[in-house]
Amino acid sequence: MSRLEEWAVVRNGGDWDGYSAPELATFSLVGRVYDDPRHDPETGRFQDGHRIHTSPIVASEGRVVTTRSGTRYELGEASESYRTYLSDQGRELDPEQPVKVLTRDQKGSN
């Protein structure tokens with residue numbers, strides 16, 4: 001399984017046009033990937049430390065996040081800038097489950 005270090009959660013800008021309901025937005029991960037089974041030594045694609053932007057997040061369990069493409073990432077350390085952003089928002093990073101995915105039903109009830 002791939003490991004993501006120096007990661008952050010980002011909103012996918014192309015999915016939200018300012019007119020759509022905000023709860024329809026999708027979120028992805030950005031960070032540095034390690035131990036990716038898709039690594040291609042000839043092209044350097046997915047080499048250790050390569051910065052990536054994942055497909056949208058669809059599930060999370062503990063420190064493992066699954067994206068729309070089916071790739072699963074084990075989350076290492078969040079980036080310092082993401083931790084600062086959360087702190088500025090008055091939020092803390094949960095070390096046991098740093099990324100939480102809400103279903104449409106859960107989004108509507110908040």
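Read the figures in this text as sums done on the coordinates, not as results from a lab. Computed from a predicted structure; not experimentally measured. Here Cβ is always computed from backbone atoms with ideal geometry, including for glycine, and neighbour counts include all displayed protein chains.
Quick look at the numbers
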item: Taking the range 2-101 and dividing mean pair separation by its residue count, relative contact order in percent (alpha carbons under 8 Å, at least six apart); result: 29 percent
item: Packing-based order for 1-12, 37-48, using average beta carbon neighbours within 10 Å, highest first; result: 1-12, 37-48
item: Identified option (computed semi-axes √(5λ) of the Cα gyration tensor in Å; candidates [x] 25, 17, 14; [y] 29, 21, 13; [z] 36, 16, 11); result: [x]
item: For the range 57-73, Karplus couplings with θ = phi - 60° (6.51, -1.76, 1.60), whole Hz, Gly/Pro x; result: 6, 10, 7, 8, 9, x, 9, 10, 10, 10, 9, 4, 6, x, 6, 10, 10
item: Full-extension gain in nm, residue 53 to residue 32, via 0.36 nm per residue minus C-alpha separation; result: 6.7 nm
